[in-house]
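One structure below.
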Amino acid sequence: MRKALRWLLALTVLIGALSTAGTATAVQPEAEGTTDIKDRLLAIPGMSLVEEKPYPGYRFFVLNFTQPVDHRSPAKGTFQQRITVLHKDVSRPTVFYTSGYNVSTTPSRREPTQIVDGNQVSMEYRYFTPSRPSPADWTKLDIWQAASDQHRIFKALKPVYDKKWLSTGGSKGGMTATYYERFYPRDMDGVVAYVAPNDVVNKEDSAYDRFFATVGTKECRDRLNGVQREALVRRESLEKRYEAYAADNGYTFHTVGSLDKAYEATVLDYVWGFWQYSLLSDCGTIPADAKNATDDELWNTLDTVAGFSFYTDQGLEPYTPYYYQAGTQLGAPTIHFPHIEKQYIRYGYLPPRYFVPRDIEMNFQPWAMRDVDTWVRDNARRMLFVYGENDPWGAEPFRLGKGARDSYVFTAPGANHGARVAGLIDSEKALATAKILEWAGVAPASVQADPSKARPLAKYDAKLDKRGVERTLRP
């Protein structure tokens, strides 16, 4: 889970050319006498080109965009924030995506972009390298500043892409899309937030314990719990292997404090990590009899699911901005391990403070998530939340109150942290797809008359639409 907790653009925007065969509408040539899309983008004040990459049916640009470090005091300095633009046609709607972490400079298309057959603007979250001010004033890394980054990018690009806009993201990206809507509710025409955790009260995490007591089947839970416990029983022998592994790879443990703490943190992530990224059908890959498993078998399953490199200084460093936010505003889960005797657990589930260098000050703001939660319950408009039934991060989801309008929370059966609209039951999938099309202003008449006829407007593209799994336990 912590890997899930590992969660950058400093005024840099990438532009690249993409073309995709098989989409619903082909890229149209610029009308005679009009300015090329690259020139239009680069005419925006503060926008500069990193590179353009070809892809069939699109133009794809990697860019830098100049942002103020502090949106409340713009004169106090700027940084370059990296963005990408997957350009289809200015006549199509635009999807504004962020992962909440780094931005990929490889052309890709998120599910809502495929559904509406639109353009996609992707933003690197502030303070993720290279989108980090230098020197870094960490007090300016918060959800309002990040939402204001998105707002400025939207305002800059709206004259170019003047049709409907939707925001989206998964996990921390889904949280980011939600926070953006909370602070700038007039920007977007709809929000599609995937698997977005909602840790309203940071000190009350019993929902996670209830989740792990019932998720999947008893047989699968017993296998996972058995491996986790046995890895702590055999701590001494497995830590010797960890020492050799760290020495061979040049890994150090100054941030977390010691190899012993890193080892226990990895083991305690194991069950969470399995359910986050695997399916119930994968339980057969877990040793059935942990007590009689070899050290090699234990090491391999722990490394595959949780990853022994993560709690090293080298593994944690890229996720410093995530852990800083988890320890100042977002909150972080704390779970218990009733299947493991107390003598085997030395530290317990470590809070984010252990994953951020000590020279960076952190003070938690308990009101930040309460404010967002209250706003969503009372004010959500055209917001869709999608969760996975077997995803631990969905144990504390966003919920809608009486004040919400045209908004929905759906759960994909059996799905993990990669839950999508495509994995919903048929009736909910059709409704969600119809709503995304409607909010984007491209719902065909047949769908307006009968939402059950809703389908993505663009055909599936194996390269653009394939989702790789990043094996980290951050959200």
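The values are calculated or read from the model by the stated rules, or taken from the named source; none is laboratory data. Worth saying up front: this structure is predicted, and the values here are computed from it rather than measured. Virtual Cβ from ideal backbone geometry, glycine too; neighbours counted across all protein chains shown. Quick note on the areas: whole protein, heavy atoms, side chains included, nothing else; ligands and nucleic acids left out. Shrake-Rupley method; radii C 1.70, N 1.55, O 1.52, S 1.80 Å.
Quick notes on this one:
- Packing-based ranking, highest mean first, of 59-65, 318-324 given that Cβ atoms within 10 Å are counted: 59-65, 318-324
- Backbone phi angles across the range 180-189, fed through the Karplus curve with coefficients 6.51, -1.76 and 1.60 (θ = phi - 60°), yield HN-Hα couplings of 4, 5, 4, 8, 9, x, 9, 6, 8, 8 Hz in residue order; Gly and Pro are listed as x.
- Protection proxy ranking, peptides 96-102, 120-126, 445-451, average beta carbon neighbours within 10 Å, highest first: 120-126, 96-102, 445-451
- Three-way shape label, the range 390-429, alpha-carbon gyration tensor, a/c 1.5: oblate
- Ranked packing of 354-361, 308-315, most packed first, by mean Cβ within 10 Å: 308-315, 354-361
- Here, the range 233-362 has an Rg and a Dmax of 15.2, 45 Å when only alpha carbons are counted.
- Taking a ≥ b ≥ c as the square roots of the eigenvalues of the Cα gyration tensor, an a/c ratio of 1.5 or more together with a/b no larger than b/c marks the range 356-475 as oblate.
- Taking each residue as 0.36 nm, the span from Asp303 to Glu243 lengthens on full extension beyond its C-alpha to C-alpha distance by 20.2 nm.
- Mean sequence separation of contacting Cα pairs (under 8 Å, at least six apart), scaled by the length of the range 152-224, corresponds to a relative contact order of 27 percent.
- Per residue, in Å², the accessible surface of the chain once ligands and nucleic acids are set aside, probe 1.4 Å: 40 Å²
- Within the accessible surface of the chain, defined with a 1.4 Å probe on protein heavy atoms only, the carbon and sulfur portion equals 50 percent.
- Relative contact order %, the range 246-334, counting alpha carbon pairs below 8 Å whose residues are six or more apart: 41 percent
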